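Comments concern the structure below.
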Number of protein chains: 2
Amino acid sequence: MFEEACRYLTQHRSVHIEELTHWLTIPSVSSDPQCADEMVRCAEYTARLLTEAGMEQVEILPTRGHPLVTGQWLHAPGAPTVLIYGHYDVQPADPLELWETGPFEPHIKDDTIVARGATDDKGQVFMHIKAIQAMLKTSGSLPVNVKFLIEGEEEIASENLPTFLKEHGKRFEADIMVVSDTAMWDRDTPSITFGLRGLAYMEVECTGPDRDLHSGGFGGAVANPAEILARIIASIKNENGHIRIPGYYDQVREITDRERELLARIPYDEEKYKAGVGVKALWGEHDRTVLERVWSRPTVEVNGIWGGYTGPGAKTVLPAKAFAKISMRLVPDQDPVAITDMVADYFASQAPSSVTIKVNKLAGGKPFHTSVENPFMEVAADALKETFGREPLFIRNGGSIPIVAELRDLLGLDTLLIGFALPGSRAHSPNENFHLPTAWKGTEAIIRMYAKFAAIP
Amino acid sequence: MFEEACRYLTQHRSVHIEELTHWLTIPSVSSDPQCADEMVRCAEYTARLLTEAGMEQVEILPTRGHPLVTGQWLHAPGAPTVLIYGHYDVQPADPLELWETGPFEPHIKDDTIVARGATDDKGQVFMHIKAIQAMLKTSGSLPVNVKFLIEGEEEIASENLPTFLKEHGKRFEADIMVVSDTAMWDRDTPSITFGLRGLAYMEVECTGPDRDLHSGGFGGAVANPAEILARIIASIKNENGHIRIPGYYDQVREITDRERELLARIPYDEEKYKAGVGVKALWGEHDRTVLERVWSRPTVEVNGIWGGYTGPGAKTVLPAKAFAKISMRLVPDQDPVAITDMVADYFASQAPSSVTIKVNKLAGGKPFHTSVENPFMEVAADALKETFGREPLFIRNGGSIPIVAELRDLLGLDTLLIGFALPGSRAHSPNENFHLPTAWKGTEAIIRMYAKFAAIP
């Protein structure tokens with residue numbers, strides 16, 4: 001059935017590109033209240049894609065936030081049941097001026113489709129939908145039972161999914177969850193991810209005087225909230241990037257020797273890494289390798305900062321307020337709620353009485369870590385090897401898919417993270433893109449993988 | 001002639017309020033390129049006010065930036081010549097959302113006219129124009145020779161005026177310059193200002209990676225420019241607000257015993273001061289009084305800061321760039337150019353090799369300080385005392401009027417700073433306003449003052 005399915009994909013490629021393109025034109029920015037209607041429109045199109053693929057009981061299920069889309073095919077008695085998780089929401093597109101073309105005007109350039117969501121995650125969800133569609137259209141059945149769970153709040157840390165699953169968890173029970181929302185090591189080297197960092201996010205508001213003041217009249221006597229906020233942010237780390245908030249590392253689990261072995265196999269090239277992001281030097285904990293820092297160490301990051309006059313020219317003002325968006329990437333066994341409280345308390349404790357600090361705690365998610373000895377992971381590795389002609393690497397990822405840890409807690413479900421983004425895919429950045437030849441190759445690997453899953457007792 | 005002039009003012013008050021109101025509707029924001037046309041419109045209306053007042057050779061003179069307005073009346077042979085300096089440009093109005101009504105929709109509330117520029121400086125220039133108009137209309141002559149110099153770039157540190165005056169200084173020669181762009185101690189206590197802080201202003205750009213990065217993928221390994229900028233800003237002062245940039249205080253002149261005497265006479269009330277700006281505690285050099293800090297000590301102030309994601313909700317981005325607008329208030333004998341270079345070099349020297357710093361040096365101006373033993377100052381004090389029924393205070397001002405020091409250098413001209421803004425006038429802040437009864441009283445004081453100037457040999 002593999003050949004027929006692949007032939008089907010080749011024959012229908014142009015239609016599939018049209019479908020993906022249409023999906024990418026919908027600005028499904030979950031964090032932007034103004035996109036609420038677009039979120040619904042995007043959920044509806046997602047449901048349509050599942051229906052066309054042959055899924056049954058396709059539904060758009062409301063949550064307390066944005067709806068999620070589900071569908072299933074359960075006619076493979078005795079075979080494992082796979083829960084395919086993905087998300088149709090995307091990151092905000094700004095800074096808009098850095099996009100070569102509109103973030104929601106997809107276009108193909110050098111075999112690569114450029115648009116917000118191309119790789120994170122619409123493009124990768126699309127691969128699973130089309131793999132299954134190809135099998136169903138050519139052989140009328142699937143080697144495994146399949147359930148889809150495509151949510152609309154992954155980029156806001158799946159705020160409402162856990163609550164939803166506490167009520168509706170039953171319908172999503174499965175033997176394994178498969179997620180394609182991570183990356184390959186490079187274009188030639190497929191990868192399986194066995195660890196994800198968690199996330200905690202907050203907005204800090206620092207208030208000084210009750211209005212913007214003339215910096216001449218008051219400068220030197222009244223605390224400047226932008227300066228105080230800068231002082232607190234600066235105090236969080238030492239000059240080596242080590243976080244000084246008391247207790248911040250208490251729950252951090254050190255990586256094992258087995259993991260060090262796997263890390264050692266990775267052909268990491270520092271010069272290439274620096275060139276890839278356009279910096280002359282890296283930064284961070286000097287006593288840790290770069291891969292350890294981004295995969296196994298927690299962070300405190302300034303995602304945004306603003307206050308005072310930011311227009312053209314000079315304005316001599318002592319601002320009334322300054323703000324910062326602060327996020328923490330977490331590693332096992334840090335708890336997002338505990339860390340959020342810890343960092344919020346730190347900001348409050350460091351503020352002089354001349355300002356007041358208000359913290360708005362936003363979404364968070366637990367870190368994820370799983371064993372590399374797992375039958376689903378092993379056959380997935382075989383499928384990748386057969387397709388790409390190279391042993392896949394076992395890696396971790398510095399990013400977060402909060403629901404992965406949640407689902408293990410809620411449904412006792414382990415997860416296989418098999419991703420096809422490339423280092424240049426620019427997830428979360430302007431000109432996000434997805435390399436189509438990799439997408440088509442990955443779709444073949446997914447077909448092979450599901451076939452192999454059938455053999456797992 | 002005093003009584004007639006005052007009667008004239010009372011009789012024409014409503015017309016004068018209409019004129020001031022119209023002047024305030026013109027958004028003459030010199031720092032905003034989009035306001036270029038409004039600046040011209042504002043200069044034209046300023047010229048019209050001078051002509052109606054009876055000034056001769058009224059002209060709008062082009063500079064390399066915004067035009068300035070001049071006019072003169074020189075028919076008092078043997079009497080001193082007074083150069084009246086002021087500015088028709090205003091600060092930007094933002095944050096707009098904090099204005100109770102439009103910043104350029106003047107309205108009167110409790111005897112107070114509310115609009116950007118009401119007190120800084122259109123309202124105070126208006127007092128001089130009307131004082132002179134009243135004298136000319138009622139007695140056909142003035143007790144002194146008068147020249148007006150009303151510029152359009154004071155809020156951007158008179159960028160082009162010095163160059164202009166190097167060529168056209170001759171026509172502005174006078175015996176004294178009078179400026180009303182400062183404040184009274186309070187509604188009942190007139191004040192003469194004998195010192196102003198200087199100004200240096202720069203925009204700092206800190207660049208990290210060549211694009212916004214996924215904070216999960218790269219956080220911990222790539223320097224965050226918003227964090228680095230915060231670290232450098234935080235390093236500028238110690239916890240007492242003392243500036244640690246090497247050499248920053250080298251040229252600072254300590255205040256004299258005579259000044260300490262004058263300072264001691266000032267009824268400063270710390271609780272009132274704190275309540276006035278809505279803070280629980282003040283900040284700054286602990287070993288200096290508040291008045292010393294704002295009048296006789298230099299600052300480094302963050303006027304604005306921005307970088308990364310500042311929209312609604314959460315975006316997990318490691319920003320490519322962060323920016324800050326930094327200004328320094330200077331005291332005798334600090335030099336704006338030297339200080340600008342010193343601070344710019346400091347930012348560059350503190351940046352790790354993982355980021356690059358670019359400094360855009362904006363306008364600057366020298367500090368001003370003059371002797372309180374000066375015949376013009378003495379008779380001005382008498383005029384204020386006769387009008388307000390109270391001895392004026394001799395004060396300094398933490399703000400800057402860069403041209404004041406420039407003119408002394410260029411024309412050897414000393415300056416009398418006689419201001420009528422009130423502590424609640426909110427110059428540079430939302431809901432800037434001017435207390436009209438104080439304005440009319442001050443206009444009478446100005447008429448008395450010019451009469452007394454005539455007696456100065």
Out of contact with any helix residue (DSSP H, G or I) (no Cβ under 7 Å at 6 or more places or on another chain) and at pLDDT 95 or above, is that true of B:N303? no
If a residue must be more than 8 Å from chain A (Cβ to nearest Cβ) and open to solvent by 30 Å² or more (accessible area, probe 1.4 Å), how many such residues does segment B:309-326 contain? 1
Filter segment A:415-431 for residues that are out of contact with any strand residue (DSSP E or B) (no Cβ under 7 Å at 6 or more places or on another chain) and more than 20 Å from A:A383 (Cα to Cα) and give the result. A:G424, A:P430
Just a yes or no: is a residue in segment A:130-149 on the phi > 0 side of the Ramachandran plot and not in a strand (DSSP E or B)? yes
Scanning segment A:1-27 for residues that are part of a helix (DSSP H, G or I) and touching a Pro at 6+ places or on another chain (Cβ under 7 Å) gives A:T21, A:L24
Out of (1) more than 30 Å from A:F388 (Cβ to Cβ); (2) open to solvent by 10 Å² or more (accessible area, probe 1.4 Å); (3) out of contact with any His (no Cβ under 9 Å at 6 or more places or on another chain), the odd one out for A:D186 is which? (1)
For segment A:327-362, which residues satisfy the criterion of being at the interface with another protein chain (Cβ under 10 Å from one of its Cβ atoms) and touching an Asp or Glu at 6+ places or on another chain (Cβ under 8 Å)? A:S327, A:M328, A:R329, A:L362
From (1) under 16 Å from B:C35 (Cβ atoms); (2) surrounded by fewer than 20 Cβ atoms within 10 Å (Cβ to Cβ), pick out the condition that doesn't hold for B:H66. (2)
Matching option when the condition is farther than 30 Å from A:R329 by Cα, of a type in the set (A, V, I, L, M, F, W, C) and modelled with pLDDT of 95 or more, among B:V355, B:V359: B:V359
Having 3 or more residues that are open to solvent by 20 Å² or more (accessible area, probe 1.4 Å) is the bar; report the strands (runs of 3 or more DSSP E) wholly within segment A:354-442 that clear it. A:356-365, A:393-397
Among all residue pairs at least 6 apart or on different chains, which show Cβ distances below 6 Å where the first residue, located in segment A:152-164, is within 13 Å of chain B (Cβ to nearest Cβ) and the second is assigned to a helix (DSSP H, G or I)? A:A157/A:P402; A:S158/A:P402; A:S158/A:I403
Among the residues of segment A:426-457, write down those that are polar (S, T, N, Q) and within 14 Å of another protein chain (Cβ to nearest Cβ). A:S429, A:N431, A:N433
Return yes or no: is B:W306 outside any strand (DSSP E or B) and either more than 8 Å from chain A (Cβ to nearest Cβ) or not basic (K, R) (or both)? no
Do we find that A:R288 is among the basic types (K, R), at the interface with chain B (Cβ under 9 Å from one of its Cβ atoms) and within 18 Å of A:V331 (Cβ to Cβ) in this structure? yes
Looking at this structure, is A:W295 within 26 Å of the chain's Cα centre (by Cα), open to solvent by 20 Å² or more (accessible area, probe 1.4 Å) and at the interface with chain B (Cβ under 8 Å from one of its Cβ atoms)? no
Of the conditions (1) open to solvent by less than 50 Å² (accessible area, probe 1.4 Å); (2) within 24 Å of the chain's Cα centre (by Cα); (3) outside the structural domain of A:S235 (by TED's automatic domain parsing), A:V343 satisfies every one except a single condition; which number is it? (3)
Can you name the condition, by its number, that B:V279 falls short on among (1) part of a loop (DSSP other than H, G, I, E, B); (2) in contact (Cβ under 8 Å) with a residue 60 or more places away in the chain? (2)
Cβ-Cβ under 6 Å pairs, at least 6 apart or on other chains, segment B:390-403 side within 14 Å of chain A (Cβ to nearest Cβ), far side assigned to a loop (DSSP other than H, G, I, E, B) and of a type in the set (K, R): B:G398/B:R197; B:S400/B:R197
Considering segment B:219-229 alone, what residues qualify as being within 7 Å of chain A (Cβ to nearest Cβ) and either within 17 Å of A:A281 (Cβ to Cβ) or surrounded by fewer than 16 Cβ atoms within 10 Å (Cβ to Cβ) (or both)? B:G219, B:G220, B:A221, B:V222, B:A223, B:N224, B:E227
Residues that are over 26 Å from B:I401 (Cβ atoms) and among the charged types (D, E, K, R), drawn from segment A:211-243: A:R231, A:K237, A:E239
Cβ-Cβ below 7 Å, separation at least six or inter-chain, first residue in segment B:230-251 and more than 13 Å from chain A (Cβ to nearest Cβ) and at negative phi, second in a loop (DSSP other than H, G, I, E, B) and open to solvent by 40 Å² or more (accessible area, probe 1.4 Å): which pairs? B:Q251/B:D333; B:Q251/B:D335
Looking at (1) out of contact with any helix residue (DSSP H, G or I) (no Cβ under 6 Å at 6 or more places or on another chain); (2) within 13 Å of chain B (Cβ to nearest Cβ); (3) outside any loop (DSSP other than H, G, I, E, B), find the lone condition where A:R258 falls short. (2)
Could you grab me the full set of residues in segment A:77-103 that are open to solvent by 20 Å² or more (accessible area, probe 1.4 Å), touching an Asp or Glu at 6+ places or on another chain (Cβ under 8 Å) and farther than 30 Å from A:F376 by Cα? A:P95, A:L98
Of the conditions (1) assigned to a helix (DSSP H, G or I); (2) under 24 Å from B:L411 (Cα atoms); (3) of a type in the set (F, W, Y), B:F126 satisfies every one except a single condition; which number is it? (2)
Looking at B:G216, is it within 7 Å of chain A (Cβ to nearest Cβ), at negative phi and in contact with a Lys or Arg (Cβ under 8 Å, 6 or more places away or on another chain)? yes
Are there any pairs with C-beta distances below 6 angstrom linking a residue in segment B:346-357 that is in contact (Cβ under 8 Å) with a residue 60 or more places away in the chain to a residue that is of a type in the set (F, W, Y) and surrounded by 16 or more Cβ atoms within 10 Å (Cβ to Cβ), with the two at least 6 apart or on different chains, and if so which? B:S354/A:W283; B:I357/B:F347
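The values are calculated or read from the model by the stated rules, or taken from the named source; none is laboratory data. Here the structure is a predicted model, which means the values were calculated and not measured. Cβ sites come from the backbone with ideal geometry, for glycine too, and all protein chains shown count toward neighbours. Heavy atoms of the whole protein, side chains included, go into the accessibility calculation; ligands, DNA and RNA do not. Shrake-Rupley method; radii C 1.70, N 1.55, O 1.52, S 1.80 Å.
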